[in-house]
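*Asks:* First the structure, then my questions, so here it is.
The values are calculated or read from the model by the stated rules, or taken from the named source; none is laboratory data. Since this is a predicted model, take the numbers as computed values, not measurements. All Cβ positions, even for glycine, are placed from backbone atoms using ideal geometry, and neighbour counts span all protein chains on display. The area values use the complete protein model at the heavy-atom level, side chains included, leaving out ligands, DNA and RNA. Shrake-Rupley method; radii C 1.70, N 1.55, O 1.52, S 1.80 Å.
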Amino acid sequence: LSAAAAGRSTLIAGNWKMHKLAVEARSYVAELRALLEGSMQPPNEQVQVVICPPFTALHAAAEAAHGSRISIFAQNMHQEPEGAFTGEVSAAMLLEAGASGVLLGHSERRAHFGESDRALALKIPAAFSAGLRPVLCVGESEEQRSAGETERTLRHQVGEALAQVSADQLAEVVIAYEPLWAIGTGNVAEADQIQEAGSFIRALLAARSPAAAERAHVLYGGSVSERNAAEIVQLEDVDGLLVGGASLQPARFAAIVAAAG
Ligand code: PEP
């Protein structure tokens, strides 16, 4: 079923990566709020808006977003509640800072910081137990796609990371399909490639629980802009977007939110 037919909302998330100080986060959120609230159309309640600032700007962003339709998610988290893990941040710390969800397994964390499927298998349940909504990022490299290994890669990433997640929790999972070759390259995936991957990911979830698969959100990420957002978000198995570069300016991000509504 399509998102609308299955009653799934649309989720538009902006990943700032390592950009913006707290003071910049505050003015960004104020501007985004004004753009979303000031638009001529009444807000589409079916479109959820999420911003993912760096750790140090979470609190400022959450304060500025208070009482609006903007939710604040973090970009990473450690799986343990506390301990000798220098430089890491726990789920409770994210909640305290005002986050209500967290990106996990972003390809930049996998490529540069040794994020593993084994750690993700612990991080996703830890996020759920703390009351944070996890967004699991998956996606194949260019080499894997040309070798015909896209489905094998996705099956492995989704299977490992969600192994310990219950069928109930599976329905609350957000999976962002982000082909590596499309991230930050301006080289957005073709509509049929996105739909094919989205439907494959939903089938993987359905093998665990058909009901959960109908409710879970599958997002697309990779060079999304205000020009291509509307076409991508209407695909049957796409329930939203994860936006990097184009989320850094409030006007561009607001235009993407508007395109999704
Ligand atoms: C991302 O960082 O998740 C992403 C999709 O980046 P971009 O939109 O810049 O390709």
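*Asks:* Put +1 on the Cβ of every Lys and Arg and -1 on every Asp and Glu Cβ in the range 52-142; which of Ala84, Ser107, Ser129 then has its Cα farthest towards the positive end of the dipole?
*Replies:* Checking the options against the dipole of the range 52-142, the answer is Ser129.
*Asks:* Right, something else. Heads up, I need the accessible area for Glu37: 1.4 angstrom probe, whole protein in place, Å², nearest 10.
*Replies:* Probe radius 1.4 Å; accessible area of Glu37 about 120 Å².
*Asks:* Which one, Gly139, Gly198, Leu120, projects farthest toward the positive side of the charge dipole computed for the range 117-261 from Cβ point charges (K/R +1, D/E -1)?
*Replies:* Projecting each Cα onto the dipole axis, the largest value belongs to Leu120.
*Asks:* Now, a different point. Averaged per residue, what accessible surface does the chain expose to a 1.4 Å probe, in Å²? Present the calculation step by step, with values, prior to reporting the outcome.
*Replies:* On the way: 11740 Å² over 261 residues.
Dividing the accessible area of the chain by its residue count gives 45 Å².
*Asks:* Stretched out fully, how many nm does the piece from Ala84 to Arg227 gain, at 0.36 nm a residue minus the Cα gap?
*Replies:* Values: separation 143, 0.36 × 143 = 51.48 nm, distance 4.57 nm.
That works out to 46.9 nm of additional length.
*Asks:* Ordering Ser39, Ser146, Ser107 by how much accessible area each has at a 1.4 Å probe, largest first, what is the list? Write out the running numbers ahead of the final one.
*Replies:* Numbers: Ser39 55, Ser146 100, Ser107 20 Å².
Greatest to least solvent exposure: Ser146, Ser39, Ser107.
*Asks:* When only the heavy atoms of the protein chains count and the probe is 1.4 Å, how do Met18, Met77 rank by accessible area, highest first? Working shown, then result.
*Replies:* On the way: Met18 180, Met77 0 Å².
Descending order: Met18, Met77.
*Asks:* Leaving ligands and nucleic acids out of the surface, order Leu204, Leu11 by accessible area at 1.4 Å, largest first.
*Replies:* Values: Leu204 35, Leu11 0 Å².
The residues order as Leu204, Leu11, largest area first.
*Asks:* Further question: Is the C-alpha gyration tensor of the range 1-134 telling us rounded, prolate or oblate? Criteria: a/c under 1.5 is rounded; beyond that, a/b larger than b/c is prolate, otherwise oblate. All intermediate terms of the calculation are to be shown ahead of the outcome.
*Replies:* On the way: a/c = 2.06, a/b = 1.39, b/c = 1.48.
Here the range 1-134 falls in the oblate category.
*Asks:* How big is the antiparallel share of DSSP beta bridges in the chain, given as a percent to the nearest 5?
*Replies:* Details: 0 of 29 bridges.
For the chain, the DSSP antiparallel bridge percentage is about 0.
*Asks:* Could you point to the residue in Ala254, Ile232, Ala207 farthest towards the positive end of the range 204-261's charge dipole, with +1 and -1 charges on the Cβ of Lys/Arg and Asp/Glu respectively?
*Replies:* Comparing the listed Cα positions along the dipole, Ala254 ranks first.
*Asks:* Additional query: In debye to the nearest 20, how big a dipole does the range 183-260 give about its Cα centre with +1 on each Lys and Arg Cβ and -1 on each Asp and Glu Cβ? Working shown, then result.
*Replies:* Values: 5 positive and 9 negative charges, 60 e Å.
Result for the range 183-260 is approximately 280 debye, rounded to the nearest 20.
*Asks:* If the only charges are +1 at each Lys and Arg Cβ and -1 at each Asp and Glu Cβ, what is the size of the charge dipole of the range 48-164 around the Cα centre, to the nearest 20 debye? Walk me through the numbers before you get to the answer.
*Replies:* Working: 9 positive and 14 negative charges, 57 e Å.
The dipole magnitude comes to about 280 debye.
*Asks:* Leaving ligands, DNA and RNA out of it, work out the accessible area of Phe55 with a 1.4 Å probe and give it in Å² to the nearest 10.
*Replies:* Surface accessible to solvent at Phe55 totals approximately 80 Å².
*Asks:* ³J(HN,Hα) across the range 2-8 via Karplus (A = 6.51, B = -1.76, C = 1.60, θ = phi - 60°), whole Hz, x for Gly/Pro?
*Replies:* 6, 4, 5, 5, 8, x, 7
*Asks:* Hey, got the dipole for the chain? About the Cα centre, +1 on K and R Cβ, -1 on D and E Cβ, debye to the nearest 20?
*Replies:* Working: 19 positive and 30 negative charges, 72 e Å.
The dipole magnitude comes to about 340 debye.
*Asks:* Still on this structure, I have one more. I need the shape label for the chain. Rule: rounded when a/c is under 1.5, else prolate if a/b > b/c, else oblate, with a, b, c from the alpha carbon gyration tensor.
*Replies:* Details: a/c = 1.42, a/b = 1.10, b/c = 1.30.
Since a/c stays below 1.5, the shape of the chain is classed as rounded.
*Asks:* Now for a different question. Find the centroid of the Cα atoms in the range 126-176 and in the range 1-80, then give the distance between the two in whole Å.
*Replies:* 22
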